[in-house]
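Reviewing the structure listed below.
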Amino acid sequence: MTTLRQIELRCPVCDNEFKSQSVVSTNAFGGKRTDFHERAAGTQPLAYLIHMCSECGYSGGEADFTAGADVSPVLKQQVFKELAPLRPSLVCGSEKYEAAAKVAQWQGTDPRHVADLLLRAAWCCVDEGDVEAERYFRRHAAWMFEEALNAYDGVPREERAILTYLVGELWRRIGDTTKAAVWFEAVANEVTDLQNQQWVIDAAEQQRLNPREWFG
Ligand SMILES: [Zn+2]
């Protein structure tokens, strides 16, 4: 099962102190989807790994609410203008990740990290039963991963094959099998260590020809 605990956070943007739920422990007994979405038995932890200030909407992981958080005056303005009107106390997991992705972009964080947050927003939509929003976030995650892969040094060499596979799998789940095939076919060329990454080539072949929803 997943164990949660209540934590107190102080917002580095507006100084508001608020309570949030955080994950103490979880499990992967619910299996892993072919887009690396790990499922827990019991409560899904994803929505509790991200926090949103109940006052201004600033969002991020626990570390983003510590003294070391990168909060410039411009960032504060952007948060007040774009996130505060969302009525932050009412949002669900996907909206928290969407806000965190915006904050990360405003901070100039690398596209890879922003893409991860958008992918998590899509995963939250699976639990929220919102198919349209899921597709929306998958599309934006795919574009952002593509940007990371296109940037010089945007992705460590040894991770390029897995992320190339993931972009293919995102397009497949969006319903664009043509785009998905292009990315799946590109996986083999990105492999740096055949012995340890053969499984990525196999997964890409499988998802191109005879796709499955779950690993294992
Ligand atoms: Zn705040």
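The values are calculated or read from the model by the stated rules, or taken from the named source; none is laboratory data. Values in this document were obtained by computation on a predicted structure and should not be read as measured data. Reconstructed Cβ throughout: ideal geometry from the backbone, glycine too, with neighbour counts over all protein chains shown. Quick note on the areas: whole protein, heavy atoms, side chains included, nothing else; ligands and nucleic acids left out. Shrake-Rupley method; radii C 1.70, N 1.55, O 1.52, S 1.80 Å.
Just need log10 I(q)/I(0) for the range 1-97 at q = 0.11 Å⁻¹, Debye formula, equal scatterers on the alpha-carbon atoms, no solvent, rounded to two decimals. For the range 1-97 at q = 0.11 Å⁻¹, log10 I(q)/I(0) is -0.36. For the range 17-174, the spread of Cα coordinates along the three principal axes comes to 40, 40, 29 Å, biggest extent given first. Under the convention that each Lys and Arg Cβ holds +1 and each Asp and Glu Cβ holds -1, the size of the dipole of the chain around its Cα centre is about 340 debye. Taking a Cβ cut-off of under 14 Å around Ile7, the surrounding Lys, Arg, Asp and Glu residues balance to a net charge of -1, with basic ones at +1 and acidic ones at -1. Please state the shape class of the range 16-69: rounded when a/c is under 1.5, otherwise prolate if a/b exceeds b/c and oblate if not, all from the C-alpha gyration tensor. It is prolate, given that a/c is not under 1.5 and a/b is the larger ratio. Its relative contact order, with pairs defined as Cα atoms under 8 Å and 6+ residues apart, puts the chain at 15 percent. For the range 3-155, the solvent-accessible area of protein heavy atoms averages 50 Å² per residue (probe radius 1.4 Å; ligands and nucleic acids excluded). Neighbours of Asn16 by Cβ distance under 13 Å: Lys/Arg scored +1, Asp/Glu scored -1, total -1. Surface composition of the chain: carbon and sulfur atoms hold 48% of the protein heavy-atom accessible area at a 1.4 Å probe. The H on the amide N of Thr43, modeled in the peptide plane, is under 5 Å from the matching H of Thr2, each at least 5 residues off or on a different chain.
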